[in-house]
Amino acid sequence: MIKGGMMLVFLALLNSVIALYLYILASRVWMQKCRVNYWNPVVQFVVRVTDPLVKPARRLIPGYKGVDFAVIFVIYIFQVALLLTVLPFVEVSLSWWSLAFLALFKAILLVLNFAMYLVILAAVFSWLRPRNPGPFFQLVGELSQPALRRVRSFVPIVRGLDFSPLVLLLVIQLLKFIFIWGGAIIASSLGWVA
């Protein structure tokens, strides 16, 4: 159990700030993979905010086939740091192996959650359709359309209704369920949880 109400508030605030930064890092990976417009002001903001940590990591960890593994490494390190910050205040002790596994688990769930939020935003933005879409609207479209196009090749538009966001959300939720279930089985078989 967590000791002290102020510590609970501090941990919740810290978790929110770090989670926001992790989502910005995840968006950078997605932006590079989708080859979005680099001159978009939102992309420029993401690059400026993440460069102080990504550039040094890039010297050690190269990218491969359009995937920037330095950013993925930074996401993983942040997950480990967050767990190391929170665990002393919670009456739970983890071995280094279980800590590494949990951080990897949380990093993959973060990417799946980011994809889910992106699809939801794309669906909502498709209903709004402004005349002059701003940079954020454009970025969400550039990030979501590659995955939605793949789904549309299997699920056609029926009477003007595009079910591809719904199908993609179901696939992401299924992946999350399988991943959480598999992670729980691995953790229990290794004796990390009771």
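Here are the numbers for the structure shown:
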read-out	value
Label of the coordinate-derived value, Rg/Rh (Cα atoms, Kirkwood Rh), listed as (i) 1.01; (ii) 1.06; (iii) 1.34	(i)
Alpha carbon convex hull of region 6-98, volume per residue in cubic angstrom	114
Farthest toward positive dipole pole in the chain [+1 Lys/Arg, -1 Asp/Glu at C-beta], among Val42, Pro130, Leu53	Pro130
Accessible surface of the chain, 1.4 Å probe, proportion on carbon and sulfur as whole %	72
Three-way shape call for region 95-178 based on the alpha-carbon gyration tensor, with the a/c threshold at 1.5	oblate
Solvent-accessible surface ranking, highest first, for Tyr38, Tyr64, Tyr76 at 1.4 angstrom	Tyr64, Tyr38, Tyr76
Gyration tensor verdict on region 51-125 (Cα atoms; rounded if a/c is under 1.5, prolate if a/b is larger than b/c, oblate otherwise)	oblate
Spin-label proximity, Asp162 to region 114-149 - amide N less than 13 Å from point 7 Å beyond Cα toward beta carbon	119-130, 138, 140-149
Around Phe73: net Lys/Arg minus Asp/Glu count, Cβ-Cβ under 14 Å	+3
The chain - mean residue ellipticity at 222 nm from DSSP helices (-39,500 (n - 2.57) per run, n ≥ 4, rounded to 500)	-26500 deg cm²/dmol
Ordering of 161-171, 22-32, 136-146, 49-59 by packing [mean C-beta count within 10 Å, highest first]	22-32, 136-146, 161-171, 49-59
Rounded accessible area per residue of region 50-108, 1.4 Å, Å²	61
Relative contact order [Cα under 8 Å, 6+ residues apart], the chain, whole percent	23
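The values are calculated or read from the model by the stated rules, or taken from the named source; none is laboratory data. As the structure is a prediction and not an experimental result, all values here were calculated from the model. Positions of Cβ are generated from backbone atoms using ideal geometry, with glycine treated the same way; all protein chains shown enter the neighbour counts. The area values use the complete protein model at the heavy-atom level, side chains included, leaving out ligands, DNA and RNA. Shrake-Rupley method; radii C 1.70, N 1.55, O 1.52, S 1.80 Å.
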